[in-house]
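The values are calculated or read from the model by the stated rules, or taken from the named source; none is laboratory data. All values derive from a computational prediction rather than experimental measurement. Here the Cβ is made from the backbone with ideal geometry for all residues, glycine too, and neighbour counts use every protein chain on show.
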């Protein structure tokens, strides 16, 4: 192509571990045409424009491994593909996505590059990549470019498409524990773990959050009744259905009172410290708009607090502050709200802000009216006007919570039946027990927001995501079932079928995704024709099945290059052979070294306690032993191969054939356990023998006994 431009030939989303890294990435095949002859130092003004538009690129260290390293490369001369990589990553970073992996590599065709960037979300990264291309071209052609508008759009995409902070912190905590995660929808429903060991979360709710408990928590009157019956302090209250009844209830309870929706949330329509009939009846009308019922309660003097209960423990606590303005004799209440409250950088409309903007809704207007003002009035200098009394829970006080109060709050969550709960209480001093100071629990909430604890306006963040993960996966549980991944040039399907047959004999529910289709517990649920182009999706379906106790997954080289692996790590990784490989030139994979890098992906993801099963007769495959985090088990038809013998001498395990017998070798000891002649001829003929040996080695790595393996070989159907 002859042009001075940057063109995308292909963009593909590698959704799992891949030839580049363990994380999902976007891989763009980029054609820079004649720009191959114009590195950045040959384009007048390019460095100045780029560094002015994105001054934060100074933090990119690049190959010099020092601050400013990348910009130094731009000054010295580098090519648009490399620049596009860094610009895309920086645009994502400015939009709130953490910095990540990036690469730019030439392919065999002149002027064509593979540009790879970490993709936290496919749509966000695709947009950032396109903006990155446009920005680089604008810098090359000396045209204006609106960086701020692009970043703002990317921020909107992040808010729309990425996990919210509550779900995200749990997923991040799971990742820290090496627990895999699968996002099940475009929203916040996430699977943690695989197969039968999985758990599910939806923000701060789990698959064990009781629907009955959640319904109870929404009924504030019922919640109070249950808590009171167990001796917990709650404010006296009555449900009412009209303004007159609200005032009658207030008189019965005794002034001052609180009026609020019985099933509201986030503090909407809640009015405190009401002392007159006019106030009560006006508050009723607003509260009635926010919920289906209204409750009148005894007013509890004190400060609003939110305590987060996970399991049986209080793991975080915040207290509220009253939102108010101070008159200056010049500005109206409306103007003061913007100048003194909403100008606070901690306030915003996104989930990343610990405090919300204060608006003049009906509740705020009524609160202001109670003090004798309208939004347009100008308070005298020094006059304090309260705008909002609740809903500003953002000051961390976790370390101040009295142990008795923590036990009471944890009991409240158990009474309602919630595994995770946000318990609201009002108390003068959270460091003292509730009862002596007449404190009370006012609400127990399901699905509590976690942002106030992750990013408090004051105080230190709390590891609430970690606490939830420890509740879901106690005692170091990884949430994993055994996963076996199989790759190579040939024999993958036969190996998968053999190994699955062995595992079936253990009585477990086995899932398999291979070229023949999807198999669940010996039953074929999809044909190979249905899964041929969607191998990644087929594998994910197996891992998402809540009955699967072990998974066997075939990974062709083309599928690895097109999608990456469907799992983050595996217990056993099998590499059968490296040649003859199907044509991969459309991926610009043409040399033995490039094929090696594709197949090694399977070895790279073997868990530390797992095993890489490698063909000792294939020099390239045997060399992958140095990459394995776990054990290495060699297999070969020839037991005299030097690499295999040396491996056994050093205490390694191997499976091979000697004198017509199948031999298991471990720590220098050899155990012949089966006459090859006793097996069906199709199992021992040619390349099929390699599949047999690999399947036996994998079964051995998974702890299957020789009796099970022998029975599997003897009963494997000829037509399979």
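Which of the residues spanning segment 179-221 are in a helix (DSSP H, G or I) and either modelled with pLDDT of 95 or more or crowded, with 20+ Cβ neighbours inside 10 Å (or both)? So that I can check it myself, show each step before the final result.
Taking segment 179-221 and keeping what is in a helix (DSSP H, G or I), we get 195-197, 211-218, 220-221.
Those that are in a helix (DSSP H, G or I) and either modelled with pLDDT of 95 or more or crowded, with 20+ Cβ neighbours inside 10 Å (or both): 195, 196, 197, 211, 212, 213, 214, 215, 216, 217, 220.
The numbered conditions (1) surrounded by fewer than 18 Cβ atoms within 10 Å (Cβ to Cβ); (2) touching a residue at least 60 places away in the same chain (Cβ under 8 Å); (3) touching a helix residue (DSSP H, G or I) at 6+ places or on another chain (Cβ under 9 Å) are all true for residue 34 except (3).
Taking the listed residues 506, 493, the one that is more than 27 Å from the chain's Cα centre (by Cα), surrounded by fewer than 23 Cβ atoms within 10 Å (Cβ to Cβ), at pLDDT 95 or above and part of a helix (DSSP H, G or I) is 493, with no other qualifying.
Out of 156, 172, which single residue is in contact (Cβ under 8 Å) with a residue 40 or more places away in the chain and under 20 Å from the mean Cα position of the chain (by Cα)? Lay out the reasoning, then the answer.
Working: 156 fails: in contact (Cβ under 8 Å) with a residue 40 or more places away in the chain.
Sole residue among the options that is in contact (Cβ under 8 Å) with a residue 40 or more places away in the chain and under 20 Å from the mean Cα position of the chain (by Cα): 172.
Does segment 96-118 include one or more residues that are modelled with pLDDT under 95, buried (at least 20 other Cβ atoms within 10 Å of the Cβ), farther than 29 Å from residue 591 by Cα and assigned by TED's automatic domain parsing to the domain that holds residue 18? Looking for residues that are modelled with pLDDT under 95, buried (at least 20 other Cβ atoms within 10 Å of the Cβ), farther than 29 Å from residue 591 by Cα and assigned by TED's automatic domain parsing to the domain that holds residue 18, one finds at least one in segment 96-118, hence yes.
Within segment 224-231, is there a residue that is over 14 Å from residue 415 (Cα atoms), more than 35 Å from the chain's Cα centre (by Cα) and not in a helix (DSSP H, G or I)? Step through it out loud before you land on a result.
Narrowing segment 224-231 to residues over 14 Å from residue 415 (Cα atoms): none.
No - not one qualifying residue is present in segment 224-231.
Here is a check on your reading of the model: is residue 270 without any contact (Cβ under 8 Å) to a residue 40 or more places away in the chain, under 43 Å from the mean Cα position of the chain (by Cα) and crowded, with 21+ Cβ neighbours inside 10 Å? First the steps, then the outcome.
Working: without any contact (Cβ under 8 Å) to a residue 40 or more places away in the chain: no; under 43 Å from the mean Cα position of the chain (by Cα): yes; crowded, with 21+ Cβ neighbours inside 10 Å: yes.
Here the answer is no, as residue 270 does not meet what is asked.
Every residue in segment 421-432 that is touching a strand residue (DSSP E or B) at 6+ places or on another chain (Cβ under 9 Å) and not in a strand (DSSP E or B), please. Correct list: 428, 429, 430. Is it the case, given these coordinates, that residue 582 is in contact with a helix residue (DSSP H, G or I) (Cβ under 9 Å, 6 or more places away or on another chain), surrounded by fewer than 22 Cβ atoms within 10 Å (Cβ to Cβ) and more than 22 Å from residue 28 (Cα to Cα)? Yes: the conditions hold for residue 582. Answer yes if at least one residue in segment 563-581 is in a helix (DSSP H, G or I), modelled with pLDDT of 95 or more and either outside the structural domain of residue 182 (by TED's automatic domain parsing) or closer than 27 Å to residue 639 by Cα (or both), and no otherwise. Scanning segment 563-581 turns up at least one residue that is in a helix (DSSP H, G or I), modelled with pLDDT of 95 or more and either outside the structural domain of residue 182 (by TED's automatic domain parsing) or closer than 27 Å to residue 639 by Cα (or both). Elements of the type strands (runs of 3 or more DSSP E) sitting completely within segment 274-374 and holding at least 2 residues that are more than 25 Å from residue 431 (Cα to Cα): these cover 294-298, 323-326.
Take the conditions surrounded by 15 or more Cβ atoms within 10 Å (Cβ to Cβ), free of Cβ contacts under 8 Å to residues at least 60 places away in the same chain and out of contact with any strand residue (DSSP E or B) (no Cβ under 8 Å at 6 or more places or on another chain) and apply them to residue 68. Does it pass? Yes.
Is at least one residue of segment 363-385 surrounded by fewer than 20 Cβ atoms within 10 Å (Cβ to Cβ), modelled with pLDDT under 95, at positive phi and outside the structural domain of residue 201 (by TED's automatic domain parsing)? Yes; the residues of segment 363-385 include at least one that is surrounded by fewer than 20 Cβ atoms within 10 Å (Cβ to Cβ), modelled with pLDDT under 95, at positive phi and outside the structural domain of residue 201 (by TED's automatic domain parsing).
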